[in-house]
1. Tell me which cysteines of chain B come out unpaired when the rule is another cysteine's Cβ under 4.7 Å.
2. For the ranges B:221-230, B:643-652, what's the packing order if you count other beta-carbon atoms within 10 Å of each residue, average per peptide, and put the highest first?
3. At a 10 Å Cβ-Cβ cut-off, how would you order B:420, B:259, B:52, fewest neighbours first?
4. For segment A:60-75, just list the computed ³J(HN,Hα) in residue order, Karplus coefficients 6.51, -1.76 and 1.60, θ = phi - 60°, integers in Hz, with x standing in for Gly and Pro.
5. What is the order of B:15, B:609, fewest Cβ neighbours within 10 Å to most?
6. Return a whole-number percent for the relative contact order of segment B:374-490, with Cα pairs under 8 Å and 6 or more residues apart as the contact set.
7. So, in nm, how far is label residue B:16 from label residue B:40 when the simple model puts each one 7 Å beyond its Cα toward the Cβ?
8. Report the antiparallel proportion of the DSSP beta bridges in the protein assembly as shown as a percent, rounded to a multiple of 5.
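Throughout, read-outs are computed from the coordinates displayed, never taken from laboratory work. Computed from a prediction, not measured in an experiment: that's the story for all the values here. Here the Cβ is made from the backbone with ideal geometry for all residues, glycine too, and neighbour counts use every protein chain on show.
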Amino acid sequence: SAESKVHIVYLGEKQHDDPKHVTESHHQMLSSLLGSEVEADDSMVHSYRHGFSGFAAKLTESQAKKIADSPDVVHVIPDSFYKLA
Amino acid sequence: TTRTWDYLGLSVGNLKNLLNDTNMGDQVIIGFIDSGVWPESESFNDNGVGPVPSHWKGGCQSGENFELTNCNRKLIGAKYFINGFLAENEGFNSTGSRDYISARDFIGHGTHVASIAGGSFVPNVSYKGLAGGNLRGGAPRARIAIYKACWYVDQLGTVACSSSDILKAMDEAMHDGVDVLSLSLGAQVPLYPEIDLRDRIATGAFHAVAKGIIVVCAGGNSGPAAQTVLNTAPWVITVAATTLDRSFPTPITLGNNNVILGQALYTGQEVGFTSLVYPENSGHSNVTFSGVCERLNLNPNGTMRGKVVLCFTTATLFTAVSRAASYVKSAGGVGVIIARNPGYNLTPCRDDFPCVAIDYELGTDILLYIRSTGSPVVKIQPSRTMVGQPVGTKVATFSSRGPNSISPAILKPDIGAPGVSILAATSPDSNSSAGGFDILAGTSMAAPVISGVVALLKTMHPDWSPAAFRSAIVTTAWRTDPFGEQIFAEGSSRKVADPFDYGGGLVNPEKAADPGLIYDMGPKDYIIYLCSAGYNDSSISQLVGQVTVCSNPKPSVLDVNLPSLTIPNLKEEVNLTRTVTNVGPVNSVYKVVVEPPLGVQVVVTPKKLVFNSKTKSLSFMVRVSTIHKINTGFYFGSLIWRDSVHNVTIPVSVRTQILQNYYDEN
C-alpha cells in the first residue's frame, strides 16, 4: 500500500472548550477519512486540543490531499524535523 | 552565566534592581521545548523557592530513569513527546538508544538552556578552572517546566525534533499555564511563511501569544550571511547571540620570546618549548605538504610527530579546529595552533589536547618566525579567564542575520543577548561535561537569556501583552556594550553592528523595566500583518477563530505596529503610522528626535505627544522619502521619543530601490 507518513492537519482556533470533545472530533474526522475507528486509532499520533485544534496522523499522500479539501482544514503538511540551535 | 548577569547589570548585590524588585521571578513559569532536563543538577534545587504558583496546571510525567519525585518546587513540570519522532523513525530502538525515553536529558542542551534562563544559585562553579563564579539563571526563582520533544539519534550522533511533537509540546504548555515559552530550536532556511504549518513554531506560537504567553526563539546559527535569521514570525521574540566581556587568553611564547595571546579552553599541562612546524614544501623536495587545517592528514609521516603544528583555515565552525587537532594527535603531534577568522564557538579539544585559535595576522607573524629560523620552537600555556575591558562585545559570527527573508519589512532578529562561552548546567552524559557543567555557544544560549529577563519583566508587569515585552526590550536596548563601547558584528570583515545583526541592540534589563512608551500589538495587529502579507481570509479566519475579512486595498506591512521601521524598497515617498502607549507616569510629554539614515528624509508628525489620565495611547505619522538616485543597500538611523527620563528608540532601516524586484551583481 502507498507509504504513510506523519502529516499535521491544522484546524486553527479551537471550536470547543472541552478538550475531550475536541479530540473526539479529530477521531471522527480521521475515521470517516480512513473508514474505521480502528484504523483511525492506529493512524493518530497527536491530538492538539488546548491551545488550538488539529492533529498529527500517519496518512498516505492521497489521504492527506483528501482531508486537505475538507472545509474545516486550514493546512495539511508533512511532518519535518527541527534542530537544536 | 557566571558572568552574564553581572555584565547585563542584574547583580545580586545591587538590592535595588529588576532582579530583587521582582523576587527573582518567583511566580513566573518558563517552559522549555528541548532535549529534556537532568533533574539532579544543582541548578534545579528548590532551596528557598516558595510554593508552586497557583496558575500551574501541568504535571510531572515519569519514564525511563525519571520519577515523579524528580520534580520539585523549582522543576515543577516535565513531560516528553515522542510519538511523532517514533512514527517517522520506525527503526528507532528505544531500548538500545542512549537517550532516555522520558524527560531526562541525555545530550545536555535542554538542561543548559533551562539553567541559563531560570537556574538556581550554584556557588563557585567553573569549567575546569575557567569562567569561575556563581552560576545562576536570569530569573533564579522562576519555575521551570520541561517539554522534551528532541531525541538523540545514536546513528547520526545528533538530535532531531519532530515538528508534530513540538506542536504537541506547545499545546500542552498552553494548557499547563506557562508564562514564557523558550525555544532554542530552528528549522532550515529557506523558510516557510509564518502561518503555513510548515513553520510549526510560528503557528503554535501564534496561539500561545494570543493567550498571553511570551514566546522567545533562537535566531539560528547560520550567520554571518545575510537573510539567514530563523523564527521570523512578528509575534515571537527572535534572539541574536553576542559575546560577553569575557575571553580566555592562552599564551603562545615563540623561541624569539615573542608572546602571542590566542583563544582556547585549554586546561591541560603547559607544553614546554617544543619544535614548531608549518607543513610546507621548503623547495628542496618534491614532496607535497599542506598547512591547511582540514588537510593536515595529507602530510607525510613524521612531519608533525612530536611537534606543535601551525595551520590556517577559512572555516569558522569549530569542527575545523577539532578535526585539525585529531589529525595532529594521530600523527604524534603535541599541539595545534589554528589561524582562522573568529568563530566564537570555542570548546575544549578532546582529551585536553592543546588547540589554540589565533587570527590570520598573528598566524602570519608565527609563520614568518618559523621561516626565519632553522629550529623554531614554541611554548603553550593553559588558558586563563579575562573579564571586563579591554574585552569588547561583538555579535557572534555564527549568529544568523536579517533582513527577514520572508518579510523584509519585519525587522529580525529583534534583540541581542550573550550566547558565547556560556557556562551552565548540562547532562553528565554529555561528553563535554565537567562535573555536570559545560561551556556552550549558540543562539540556543542567547534565547534563554532573554527568557530569563522577560520572566523578571513579567513579574513587574503581569498585565503586559507579549508584544509589550518585545517592545520594551527593543526600545531600551544598548546600542553599545554596557560600558559605552561600540559593538562590532563579526562577519567576512568586522563591522559596526546594525539592526540586522542584533535588532534593537543588546538587551538592557534595567531600562526595559521602565520603557516609558511601548509599541503594543494584539490580534488585530497580527491580522493586519497577515492581510498585508497576502494570506487569504479563510486561513486567517481559521487561525484566529473568527471570521476575518482583510480590508481592500490590503493594509501595508509598514503599518504593523512594530518597534522598528524597516523599508526594504523605498522609491516614492511613503507614509506609515505607529501607535505608542504610555506605561510611564500618567502625565508625560514626549518630543521626537530623528536620526535619519543617510540620504533619507524622515518627517514625523506630530512632533510632540502629550499623555494624561485620559490619553494613554497616541498615534503618529512618519513620512519617508529618499534622495538617492540608485538602488542602495540598507542605511540605518533611529526614531526616538524623548522625555526627561526615557529615550524610546526604534531602529530605522531603509533601502532605496529605484528599480524594484531587481537583483544586481554588478
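1. B:217
2. Working: B:221-230: 21.8, B:643-652: 19.2.
Peptide ranking by packing, descending: B:221-230, B:643-652.
3. Values: B:420 29, B:259 10, B:52 18.
Fewest-to-most Cβ neighbours within 10 Å comes out as B:259, B:52, B:420.
4. Working through the residues one at a time gives 7, 4, 6, 5, 4, 5, 5, 6, 5, 7, 5, x, 7, 8, 7, 8 Hz.
5. Values: B:15 9, B:609 21.
Ordered by Cβ neighbours within 10 Å, fewest first: B:15, B:609.
6. On the way: 101 pairs, mean separation 33.3, N = 117.
It comes to 28 percent, rounded to a whole number.
7. Taking the simple label geometry, residue B:16 and residue B:40 are separated by 4.5 nm.
8. Numbers: 85 of 131 bridges.
For the protein assembly as shown, the DSSP antiparallel bridge percentage is about 65.
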